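Some notes on the structure that comes next.
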There are 2 protein chains.
Amino acid sequence: MATTREEKRADLKRRLIEAAEAQILEKGLAGLKAREVTAQAGCALGALYNAFEDLDMLVLHVNSRTLARLGAALHAARRDGADAATELQALARAYVDFACDNQRLWSALFEHRLPDGVTMPDWHRDDHAVLIAEIIAPLGALRPDLDPEALRLRAQTTFAAVHGVVQLSLQGRFVGVPQECLVDEVAALVATMTRGSRSDSDPAGA
Amino acid sequence: MATTREEKRADLKRRLIEAAEAQILEKGLAGLKAREVTAQAGCALGALYNAFEDLDMLVLHVNSRTLARLGAALHAARRDGADAATELQALARAYVDFACDNQRLWSALFEHRLPDGVTMPDWHRDDHAVLIAEIIAPLGALRPDLDPEALRLRAQTTFAAVHGVVQLSLQGRFVGVPQECLVDEVAALVATMTRGSRSDSDPAGA
């Protein structure tokens, strides 16, 4: 009967992840309550802590699912054979679209903080690689002067720049650009960064 | 005795703001508790709600103080007479330094969210203007083709790009650049954006 017990446990975990995802979709991460998750999953409160250690670990599983979907969206946006500028524009647009279409799940990726002293498990940390994976090749084409480590760092910076514009806009912060301008402003930023990167690697001008 | 009553009320407000600021400095915004603020300010719990409506409004007063200090730091970083690239680098560096030196108070500016349905008061909203005020002139020198509204929008985008790199790095997010690389990466981003902006306004190349 070992298999059945394992299957039941996997099924419970799946139901808890789906319930937590549904709750975040409905109320945002700040509104997530363990009791409401277990009620929706149809299990006792204690079952959550048995299956996932605590609510934070359950959120990490939801976030890993979101990262996988975001990674697939970014991968699908690649324009193989296109020039770097076209590739980077397509990736940035896919990021904006994903954030707008999945705002609460996307926000949870960046709002969630583990308690002080708790280290992020490697399996979840590694799932973040999708955020920059697709940027590296087109950025490398613009900046052949950068070694792999510097290129990776610059890809992180490029991601963070676009992310900052999206986040301040979608949060409705005073300083954020109005949401109806977001697509155009991100496109303008990426165009500026692309042209600037070309001249960074060739100070004489492109 | 009206003056004395007004003075007492102003003194209480000041003590509450200072206590809340000290608590955020010590524990971060997420650790802020009304009871600990009033204990430190030496007043009853109810006095907070009498003076500030609620804890959220008290946080806005702390955030307005932080914005005023940040605005002063950015203003002091201006390099009048320098070229736009030098000005923008100095502003970005001042922003990075302020965020690093005042991490919890700075984070509170972007972490704090009013409850659903509560509108940010105008006095606090207007205090955010310092975040982009100093960017407009040097950016306008790079982009004389933009009208005032488009220039303001592009200043917001430029701020958000730098802010995104700082925020993901200081939060220690996987995708953020390591903090020891932050100054250099922000400088590289600003250099790239500056060069790209020059060629945006002059497609033939600078």
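Brief remarks on what is shown
- Computed over segment B:48-181, relative contact order equals 24 percent, with contacts defined as Cα pairs under 8 Å that lie 6+ residues apart.
- Rounded to the nearest 20 debye, the dipole size of chain B about its Cα centre is 460 debye, using +1 on the Cβ of Lys and Arg and -1 on the Cβ of Asp and Glu.
- Peptide A:176-186 is shielded by partner chain Cβ atoms: per residue, an average of 3 of them sit within 10 Å of its Cβ.
- Listed residues A:ALA19, A:ALA90, A:ALA30, most fluctuating in chain A (Gaussian network, C-alpha, under 10 Å): A:ALA30
- At 7 Å out from Cα toward Cβ: A:ALA39 inter-copy label distances (nm, ascending): 3.2
- When chain A is treated as a GNM with alpha-carbon contacts under 10 Å, the residue of A:THR66, A:THR119, A:THR158 showing the greatest mean-square fluctuation is A:THR119.
- Among A:LEU151, A:LEU91, A:LEU70, the residue with the largest mean-square fluctuation in a Gaussian network model of chain A, with springs joining Cα atoms closer than 10 Å, is A:LEU151.
- With all pairs of different C-alpha atoms in the average, the Kirkwood value for the hydrodynamic radius of chain A is 18.9 Å.
- With DNA, RNA and ligands ignored, accessible area of A:ARG69 (1.4 Å probe; Å², nearest 10): 110 Å²
- Shape of segment B:36-102, Cα gyration tensor, a/c cut at 1.5: prolate
- Scanning chain A for the Cβ atom closest to the axis that brings A onto B yields residue and whole-Å distance A:GLY164, 1.
- Label-point spacing at B:PRO121 relative to the other copies reads 4.5 nm, in ascending order, each point sitting 7 Å out from Cα along Cα→Cβ.
- Exposure ranking of B:THR38, B:THR3 by accessible area [1.4 Å probe, largest first]: B:THR3, B:THR38
- Span-rule helices in chain A, defined as complete DSSP H runs reaching 20 Å or more along the axis (Cα) with Kyte mean at least 0.0: A:55-77, A:84-101, A:148-170, A:182-201
- Cα gyration tensor shape of the protein assembly as shown, rounded if a/c is under 1.5, else prolate or oblate by comparing a/b with b/c: oblate
- With the simple spin-label model, which puts each label point 7 Å out from Cα in the Cβ direction, the B:GLU149 to A:GLU7 separation comes to 6.3 nm.
- Stretchable slack from A:ARG14 to A:GLN40, in nm (0.36 nm times residue separation minus alpha-carbon distance): 8.1 nm
- C-alpha center-to-center spacing [segment B:78-112, segment A:180-199] in angstrom: 21 Å
- Candidate lysines - alpha carbon under 19 Å from B:LYS13, same-chain residues fewer than 8 apart omitted: B:LYS33
- Distance between the modelled labels on B:GLN171 and A:LEU55, one decimal in nanometres: 1.9 nm (7 Å Cα→Cβ projection).
- Residue (of B:TRP106, B:LEU16, B:TYR49) at the positive-pole extreme of the protein assembly as shown, dipole from beta-carbon charges: B:TYR49
The values are calculated or read from the model by the stated rules, or taken from the named source; none is laboratory data. All values derive from a computational prediction rather than experimental measurement. Cβ atoms come from the backbone with ideal geometry, glycine included; neighbour counts cover every protein chain shown. Ligands, DNA and RNA are stripped out before the accessible areas are found, and what is left, the full protein with its side chains, is counted by its heavy atoms. Shrake-Rupley method; radii C 1.70, N 1.55, O 1.52, S 1.80 Å.
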